[in-house]
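Written out below as structure tokens is the structure these notes cover.
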Amino acid sequence: TSGTGQRDRMATVTPTFKWAQSRSKVFVTIQLTNIDDLKHSISDKSFAFTGVRGPKKYELNFEMPHAVDPKASKFVPGRHPRFDIAKADSKIFWTRLCSDKRRFKNFCKVDFDKWKDEDELYDEEEEDDSKEEEKKTGEVSAMGVPPSLGGMTQEGIEKLMSEVKLKKGKIDEDPDSDDDPLSDLEA
């Protein structure tokens, strides 16, 4: 009996897998180690994975609810194989990984280490936009303050900060300071 014939007769098992997304990618991590004969494919709306571990053959095939870019997607080998699947439209927030939400209910888990909520993805986009704006308007000082903050120049900000330090110094020298020791309270 050949090894290939034996593998064809193996029972097929669905592996446990995790998923998460960023603005531009969907991450799928297969929760298996030491996989032999690993094969995978990603098309515009489908995902397929097969592999053998010990006496079991694992298989995972599903349709995705939104289109992806197979050419920009990649396989990341490692302890647990991961797939970085490029979204065709980065503006779409995926509410699920599989078109059939019930099919892999017991096998598909959220990867909370990589997960971003919809509002976090939009906040991230706004942060990226503000970084781009900083690049357009000029450099950022060592303190992380743009050269023009609310109409103030870097020199104006530094002057304001030094005035605050001077006033703080005068407050600390005030003889009526609250730093005096408290008298003992009578019982």
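Each reported figure results from applying straightforward, stated rules to the coordinates on display, with no laboratory input. Worth saying up front: this structure is predicted, and the values here are computed from it rather than measured.
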Requested in this report: Could you sort out which of Lys45/Lys114; Lys45/Lys91; Lys57/Lys87; Lys56/Lys87; Lys57/Lys91 sit more than 27 Å apart by Cα distance in this structure?
Outcome: Lys57/Lys87; Lys56/Lys87; Lys57/Lys91
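Can you tell me, using C-alpha contacts under 8 Å and at least 6 residues apart, the relative contact order of the stretch 35-109 as a whole percent?
Computed over the stretch 35-109, the figure is 22 percent.
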Query - Computed lengthening from Ile92 to Asp44, 0.36 nm per intervening residue step minus Cα-Cα distance - result: 15.8 nm
Report summary line: Between Tyr58 and residues 5 or more places away or on another chain, the pairs with built amide H atoms under 5 Å apart involve Val13, Gly51, Val52, Arg53
Report summary line: For the stretch 48-59, Karplus-derived ³J(HN,Hα) couplings (6.51, -1.76, 1.60; θ = phi - 60°; whole Hz; x for glycine and proline) come out as 9, 9, 9, x, 10, 9, x, x, 10, 9, 9, 9
**Report entry** Derived scalar couplings ³J(HN,Hα) [the stretch 64-81; Karplus, 6.51 cos²θ - 1.76 cosθ + 1.60; whole Hz; x for Gly, Pro]
**Finding:** 9, x, 9, 6, 10, 10, x, 5, 8, 7, 8, 9, 10, x, x, 3, 10, x
Query raised in the report: What list of ³J(HN,Hα) couplings, whole Hz, do you get for the stretch 18-35 from phi and the Karplus terms 6.51, -1.76, 1.60, once you set θ to phi - 60° and write x for glycine and proline?
Result: 10, 9, 7, 8, 10, 5, 10, 9, 10, 10, 10, 10, 7, 8, 9, 10, 6, 8
Query - the stretch 1-92: Cα Rg divided by the 2.2 N^0.38 Å rule of thumb - result: 1.17
